[in-house]
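Written out below as structure tokens is the structure these notes cover.
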Amino acid sequence: MRHDLSIAGPAFRLRPVVDADADFILALRGNPALNRFLHSTSARLSDQLDWLARYYERSGDYYFVVERLATSAPEGVISIYDIDPQALSGEWGRWLLRPGSLAAVESAWLIYRCAFEQLSLQEAYCRTVADNSQVVSFHDSCGITRRHRLAGHFDFDGRQVDAVEHRLDALAWREVAPRLEKLAGMAARRLHHG
């Protein structure tokens with residue numbers, strides 16, 4: 001949906017996706033190093049723009065570009081979507097970062113801050129293809145203890161694959177937030193000095 005939410009950390013910020021980001025999104029989604037665990041998508045710019053047009057009309061869907069504060073260069077994309085206004089919960093995902101980016105920890109910290117501090121959600125969750133061990137391990141390392149396996153959750157062109165779901169509620173966020181903030185600060189210092 002069209003929104004004006006933005007949130008910044010020490011080295012990166014999340015800002016709303018706009019049509020001008022379509023080429024960047026296509027480059028990310030078309031990168032073989034990144035798209036192994038994604039649903040297939042069209043490589044045509046017009047199809048990406050059509051998807052964005054439909055996205056702008058959906059409520060409860062906040063899509064962001066992750067960009068470097070110092071240069072405004074895009075590093076990736078991330079979203080929080082499928083927000084349930086009664087349960088005050090939402091899923092975060094569509095998370096892709098360019099290869100070599102140091103924005104992983106900070107972008108995760110920022111999307112959780114957006115969920116709990118800006119959208120006032122009580123719970124945020126993410127679902128990762130179970131075979132994507134690197135991302136599953138990242139979520140585990142954040143200190144999120146509520147996780148379970150969802151059998152056959154994703155359908156990739158007729159092939160059912162399992163997912164690992166990580167859930168974090170607002171109370172547990174208070175414990176996880178300082179850890180992610182510290183890790184984000186460490187990564188930002190590496191970026192500034194490296």
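The values are calculated or read from the model by the stated rules, or taken from the named source; none is laboratory data. Only a predicted model underlies this, so the values are computations on that prediction, with no experimental measurement involved. So basically every Cβ, Gly included, is an ideal-geometry build from the backbone, and we count neighbours across all protein chains shown. Quick note on the areas: whole protein, heavy atoms, side chains included, nothing else; ligands and nucleic acids left out. Shrake-Rupley method; radii C 1.70, N 1.55, O 1.52, S 1.80 Å.
General observations
- Some residue of the range 95-102 being assigned to a strand (DSSP E or B), of a type in the set (D, E, K, R) and open to solvent by 20 Å² or more (accessible area, probe 1.4 Å): no
- Pairs with Cβ under 8 Å, 6+ apart, first in the range 171-191 and in contact (Cβ under 8 Å) with a residue 12 or more places away in the chain, second surrounded by fewer than 14 Cβ atoms within 10 Å (Cβ to Cβ): Ala172/Thr145; Ala172/Arg146
- Qualifying residue in the range 34-46 (condition: within 20 Å of Trp109 (Cα to Cα) and out of contact with any Asp or Glu (no Cβ under 6 Å at 6 or more places or on another chain)): no
- Here Ile83 meets each of (1) outside any strand (DSSP E or B); (2) open to solvent by 20 Å² or more (accessible area, probe 1.4 Å) with one exception, condition (1).
- Residues within the range 63-80 that are of a type in the set (Phe, Trp, Tyr) and either in contact with a helix residue (DSSP H, G or I) (Cβ under 7 Å, 6 or more places away or on another chain) or part of a helix (DSSP H, G or I) (or both), tallied: 1
- Complete set of residues in the range 32-54 that are more than 16 Å from the chain's Cα centre (by Cα), surrounded by 14 or more Cβ atoms within 10 Å (Cβ to Cβ) and in a loop (DSSP other than H, G, I, E, B): Thr41
- Verdict on Ser72 being free of Cβ contacts under 8 Å to residues at least 24 places away in the same chain and at positive phi: yes
- Check on Asp155, open to solvent by 60 Å² or more (accessible area, probe 1.4 Å) and part of a strand (DSSP E or B): yes
- Exclusive hit being among the polar types (S, T, N, Q) and within 25 Å of Asp21 (Cβ to Cβ), set Thr128, Thr145: Thr128
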